Amino acid sequence: MPLSPAESRELLHLRDIDIRGYLRTDGMLDIEAHMVDTKTYSFGNHDRGRINAGEALHGMWLRLTVDTGLTVRRAEAAMDSTPHAICPGVAPNFARLEGLTIGRGFLKGAMERVGGTQGCTHLRELLQQVATVSIQTMFSIKAHKAAREGGVSEDRWEIPAALLNSCHAYDEEGELVKAVRERAAARALSEA
């Protein structure tokens with residue numbers, strides 16, 4: 001269902017975010033994010049002189065390498081384009097994310113390590129999305145393996161405990177969770 005029709009308007013700012021989840025040959029995951037901010041107009045900038053329409057104001061990368069337990073084993077940030085010459089100086093600080101586990105408390109731990117003046121607002125904003133893509137990629141590994149081995153039928157699908165109550169669909173008292181639990185109970189009875 002699309003959004004309602006918009007009023008007459010002019011596009012001024014674009015933010016493009018690409019996040020990819022990769023399975024490495026060593027069994028770990030690389031989650032790589034790239035964010036680019038552009039404007040539809042040219043403007044002056046103290047450090048860069050002039051930033052032209054369509055030229056990146058922010059061009060930033062973040063890669064987390066995580067193990068199968070979703071613990072960050074390596075973290076790396078890079079900044080191709082920034083509004084201020086000083087900005088890239090904080091990129092090495094993102095290595096401080098190493099050792100954190102993606103899950104409950106991840107963002108709080110990240111803020112303790114790269115919050116405020118120790119990090120970059122834009123790279124920190126990517127962390128929640130990178131964490132979500134990490135979890136989705138981990139699920140993809142399991143689903144990809146199951147598909148290669150003959151697939152998993154819908155009646156065998158289970159909602160991971162970590163997802164319960166994380167959104168409307170996974171409401172522990174909701175219709176979807178109830179249906180999945182009923183299928184699991186019926187399957188257990190038939191296999192007993």
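The values are calculated or read from the model by the stated rules, or taken from the named source; none is laboratory data. Source: prediction; values computed, not measured. Ideal geometry is used to build each Cβ from the backbone, glycine not excepted, and the neighbour counts take in all protein chains shown. Accessible surface areas use protein heavy atoms only, side chains included; no ligands, DNA or RNA. Shrake-Rupley method; radii C 1.70, N 1.55, O 1.52, S 1.80 Å.
Placing unit charges on each Cβ (+1 for Lys and Arg, -1 for Asp and Glu) gives the chain a dipole about its Cα centre, and among L3, T40, M138 the Cα reaching farthest toward its positive end belongs to M138. The dipole here belongs to the chain: it is taken about the Cα centre, uses +1 on the Cβ of Lys and Arg and -1 on the Cβ of Asp and Glu, and is about 400 debye. Of the residues C87, N52, T121, the one whose Cα sits farthest toward the positive end of the charge dipole of the chain, with +1 on the Cβ of Lys and Arg and -1 on the Cβ of Asp and Glu, is C87. The orientation-averaged shadow of the Cα convex hull for segment 33-192, equal to a quarter of the hull surface, comes to 13.0 nm².
Using only alpha carbons, segment 6-118 has a radius of gyration to Kirkwood radius ratio (Rg to Rh) of 1.06. Taking Lys and Arg as +1 and Asp and Glu as -1, the other residues whose beta-carbon sits under 13 Å from that of M60 total -4. Surface composition of the chain: carbon plus sulfur atoms hold 53% of the accessible area, using a 1.4 angstrom probe and ignoring ligands, DNA and RNA.
Bridging of K142 to lysines at a Cα separation below 26 Å is possible for K178, once same-chain residues fewer than 8 apart are set aside. Pair-distance distribution P(r) for segment 22-68, from all Cα-Cα distances in 5 Å bins starting at 0: 6, 18, 18, 13, 10, 10, 8, 9, 7, 1 percent.
As a calculated quantity, the FRET efficiency between S4 and D171 at R0 = 25 Å, using C-beta atoms, amounts to about 0.40. The angle separating the long axis of helix 121-148 from the principal Cα axis of greatest extent in the chain is about 30 degrees.
Compute the signed sum of charges (Lys and Arg +1, Asp and Glu -1) over the other residues within less than 12 Å, Cβ to Cβ, of V133. Around V133, the charge tally is -1. Rounded to the nearest 0.05, the FRET efficiency derived from the C-beta distance between R187 and M28 at R0 = 30 Å is 0.35.
Protection proxy ranking, highest mean first, for peptides 96-108, 8-20: 96-108, 8-20, where packing is the per-residue count of other beta-carbon atoms within 10 Å, averaged.
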